[in-house]
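Scroll down for the structure; my scribbles are underneath it.
The values are calculated or read from the model by the stated rules, or taken from the named source; none is laboratory data. Given the structure is predicted, the values throughout are model-derived calculations rather than measurements. Here the Cβ is made from the backbone with ideal geometry for all residues, glycine too, and neighbour counts use every protein chain on show. For accessibility, only protein heavy atoms count, side chains too; no ligands or nucleic acids. Shrake-Rupley method; radii C 1.70, N 1.55, O 1.52, S 1.80 Å.
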Amino acid sequence: MFNDIGPLELVTLVLLAVLVFGPEKLPKMIQDVTRTIRKIREFSDSAKQDIRSELGPEFKDFEFEDLNPKTFIRKQLDNDELGLKEIRNGFDLKKEMAEVTDAVHGRESDSSTSSAGSSASSGSSGGTVDMTKKPEPDERPPFDADAT
């Protein structure tokens, strides 16, 4: 609840409470606030117990935190009935991005050269791109005025 409150902010809140309520009334106010919080917690716990008893024994493992959509989805994705872990592990994002980049630049990727190496060398283009070739100093990349 107070994870994002720093020490300086906490000191400021205490000083503000002392100024507003005064040192005489502050202990009584703290007791009233803690008593109210305790009653709210008891009320929510009894409401949860009532709901669980009304649902019956088939919902004995029901957790109210599962009603949060993020928690529900995370729990369902961790359950590997659909085989999502195998799909997630079989997908190599770096390899896919390298293949897309090579396709955009007109180069052949490593996986396609190994599977279709002989067909690429016997194609009508007659050659492959030399990756070790350094561009000439006077050779500039094409400029697209609309892109900038």
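Please work out if Lys39 is in a helix (DSSP H, G or I), at pLDDT 90 or above and basic (Lys, Arg). Spelling it out, Lys39 is indeed in a helix (DSSP H, G or I), at pLDDT 90 or above and basic (Lys, Arg). A single member of Ala98, Ala103, Ala120 is part of a helix (DSSP H, G or I), of a type in the set (A, V, I, L, M) and modelled with pLDDT under 65, and it is Ala120.
Among the residues of this structure, Phe91 counts as one that is loosely packed, with under 12 Cβ neighbours inside 10 Å, within 22 Å of the chain's Cα centre (by Cα) and modelled with pLDDT of 60 or more.
Of all residues being in a loop (DSSP other than H, G, I, E, B), among the acidic types (Asp, Glu) and open to solvent by 90 Å² or more (accessible area, probe 1.4 Å) in the range 60-88, which is modelled with the highest pLDDT? Just the residue, please.
Asp61
Among the residues of the range 21-59, just one is open to solvent by 100 Å² or more (accessible area, probe 1.4 Å) and among the aliphatic types (A, V, I, L, M), namely Ile40.
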